[in-house]
Amino acid sequence: QSQTAGMFVTTNDFVRLHYDVAGPEDDEKYPLVLIHGWSGSSEFFNRNFNALSKHRRVVRFDLRGHGRSDKPAHGFHVARLAADLRDLMDALDIHKADVLGTSLGCAVIWSFIELFGCNRIGKAILVDQAPWQNNAADGSWTIGSKGIYDAASAARMAAMLEC
């Protein structure tokens, strides 16, 4: 089992992201990438990281503006965070991964799929996300994201997940 701690990758807009990698490489299992929520850091996964890495390769990283990653004055849209995930995967030569997101990390996963498709995602595990990500068309849920306004848009998003 190998472990790399305190490493950095640089995104395509020159922001350094801190990451840790541990666990055995296994051709039968995709690496698992852990994505923390807003105002957190990769340390959110301290109790899980070592336990999970006994069974598979695990990557955790600090989103830009969080933890030990750079704190730029730009790039805090969820789509940019999804591009950062892509840049991390590219830098680590991860062609396909299982992803686990908590809170904002869930939105990063959804945005990654929307922007880049799901060919690079094995399984997605969404933890501590709002019970309904988007506003309901009938007005019964109004505290979701503002990105999907109608049932047709929601159906298009659902179709994207059928890879």
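The values are calculated or read from the model by the stated rules, or taken from the named source; none is laboratory data. All figures in this text were calculated on a predicted structure; none of them were measured in a lab. Methodologically, a virtual Cβ is constructed for each residue, glycine included, from the backbone with ideal geometry; neighbour enumeration extends over all protein chains shown. The accessibility values were calculated without ligands, DNA or RNA, using every heavy atom of the protein model including side chains. Shrake-Rupley method; radii C 1.70, N 1.55, O 1.52, S 1.80 Å.
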When only residues in region 49-85 that are in contact with a Ser or Thr (Cβ under 6 Å, 6 or more places away or on another chain) and hydrophobic (A, V, I, L, M, F, W, C) count, which is surrounded by the most Cβ atoms within 10 Å (Cβ to Cβ)?
Phe61
Mind checking which pairs have a first residue in region 63-88 that is of a type in the set (Gly, Ala, Ser) and a second that is assigned to a loop (DSSP other than H, G, I, E, B) and open to solvent by 40 Å² or more (accessible area, probe 1.4 Å), Cβ under 6 Å, 6 or more apart or different chains?
Gly65/Lys71
What pairs can you find where one residue is in region 120-137 and over 22 Å from Ala91 (Cα atoms) and open to solvent by less than 70 Å² (accessible area, probe 1.4 Å), the other is among the hydroxyl-bearing types (Ser, Thr, Tyr) and at pLDDT 90 or above, and their Cβ atoms are less than 6 Å apart, with a gap of 6+ or different chains?
Val127/Thr102
Could you check how many residues of region 10-20 are in contact (Cβ under 8 Å) with a residue 40 or more places away in the chain, open to solvent by 10 Å² or more (accessible area, probe 1.4 Å) and of a type outside the set (Ser, Thr, Tyr)?
3
